[in-house]
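Working notes, structure below.
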Amino acid sequence: MSLIHLLEKKIYPLLKEHQTYILPSLNGMIFIMTNVALLLMGLIYTNNLILLVSFINASVLFTILFVTNYNLHGLKISEVVIAPQFAGDTVMAECIIENGSPLERPGVCIRVKDRKFQTSSIKFDLKPHQRIKIPFSLPISKRGVYKISRLSLYSTYPLGLFYAWKLLKQEIEFYIFPRPLGLSLIESPLEKMEVEADYIRNARPGSDEFQEHRQFRTGESYKSVDWKILARKKQKLTKLFGSSSSNCIKITIDKCPQEDMENKLSQLAKWIMECHH
């Protein structure tokens, strides 16, 4: 299979998305060469029995070629879902595959490739007109921006003599964030940071905002009456206002107590997660 993978890599720019391609596997090459040898022996020695065996093998070979190629017919990779995750976690993804044919598709495999990683193959069967989610893990442990540049469906069904595959050539970008570690906001010396103006945490009063109308009550100030409503609808309504305020925390990487960059990023991630929740 490694020779096929190498050839697939070389001709990858020429391959079309969702188009089925097929090549003989290593076992298939051995079978073909053996059958060619039988054919030559039958011709040289004019042995009809050997020629008959050779012709039967050739018919079996072409039948398997058709079955292997047709096993991917109607299959489509419709979507790949990878949620943002943290470094150190098992990066899980889901691939949604649709079988648009009225026939069952046994022995189908999926494989993810990239310059930085490669997953092992996952084998599954699809029922007629089935839409399934195939979960798979990615061997990634470090933070960063990653892309799945090549995702392929392939099959060697039924006897492994041929290798048929089709590609999804879209680049799927996903993020692995720094793992949130370090001091929590409560454990951090926020008061000192406020005094030193390293961190800004204050209640910032906003301007009064209109909330709703209600019926005017005797004794209330006429300043709060909505005169536009009174002129338009002949209703004396009072405008109610409410003040808004928000808490702000300014977080910068140079204020993290850690020394190395990775731990600083982990500290920032922890503070951001706490602010988010």
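The values are calculated or read from the model by the stated rules, or taken from the named source; none is laboratory data. The structure presented is a predicted model; accordingly, all values stated were derived computationally and were not measured. Note that each Cβ is placed from the backbone with ideal geometry, even for glycine, and that neighbours are counted across all protein chains shown.
Within region 25-72, being hydroxyl-bearing (S, T, Y) and in contact with a strand residue (DSSP E or B) (Cβ under 6 Å, 6 or more places away or on another chain) holds for S25, T68.
On the phi < 0 side of the Ramachandran plot and either in contact with a Gly (Cβ under 9 Å, 6 or more places away or on another chain) or in contact (Cβ under 8 Å) with a residue 40 or more places away in the chain (or both): does that describe L40? Quick ask: steps written out before the conclusion?
Details: on the phi < 0 side of the Ramachandran plot: yes; either in contact with a Gly (Cβ under 9 Å, 6 or more places away or on another chain) or in contact (Cβ under 8 Å) with a residue 40 or more places away in the chain (or both): no.
For L40, the condition - on the phi < 0 side of the Ramachandran plot and either in contact with a Gly (Cβ under 9 Å, 6 or more places away or on another chain) or in contact (Cβ under 8 Å) with a residue 40 or more places away in the chain (or both) - is not met.
Of everything listed in (1) modelled with pLDDT of 80 or more; (2) surrounded by 15 or more Cβ atoms within 10 Å (Cβ to Cβ); (3) within 30 Å of S184 (Cβ to Cβ), the single unmet condition for K236 is (3). Against the conditions (1) surrounded by 17 or more Cβ atoms within 10 Å (Cβ to Cβ); (2) not assigned by TED's automatic domain parsing to the domain that holds N27; (3) not aromatic (F, W, Y), where does S184 fall short? Just the number, please. For S184, the exception is condition (1). Is at least one residue of region 264-272 closer than 30 Å to A83 by Cβ, at pLDDT 80 or above and hydroxyl-bearing (S, T, Y)? Yes: one or more hits.
Is one or more of the residues making up region 73-80 among the β-branched types (V, I, T), in contact with a Ser or Thr (Cβ under 6 Å, 6 or more places away or on another chain), in contact (Cβ under 8 Å) with a residue 24 or more places away in the chain and assigned by TED's automatic domain parsing to the domain that holds P158? Working first, answer last.
Step one: list which residues in region 73-80 are among the β-branched types (V, I, T), which gives 77, 80.
Going one step further and asking which of them are in contact with a Ser or Thr (Cβ under 6 Å, 6 or more places away or on another chain), we end up with none.
Within region 73-80 (the criterion being among the β-branched types (V, I, T), in contact with a Ser or Thr (Cβ under 6 Å, 6 or more places away or on another chain), in contact (Cβ under 8 Å) with a residue 24 or more places away in the chain and assigned by TED's automatic domain parsing to the domain that holds P158), the answer is no, since none of the residues qualifies.
Look at N202 and say whether it is over 33 Å from the mean Cα position of the chain (by Cα), modelled with pLDDT under 80 and surrounded by 11 or more Cβ atoms within 10 Å (Cβ to Cβ). Answer is yes for this residue.
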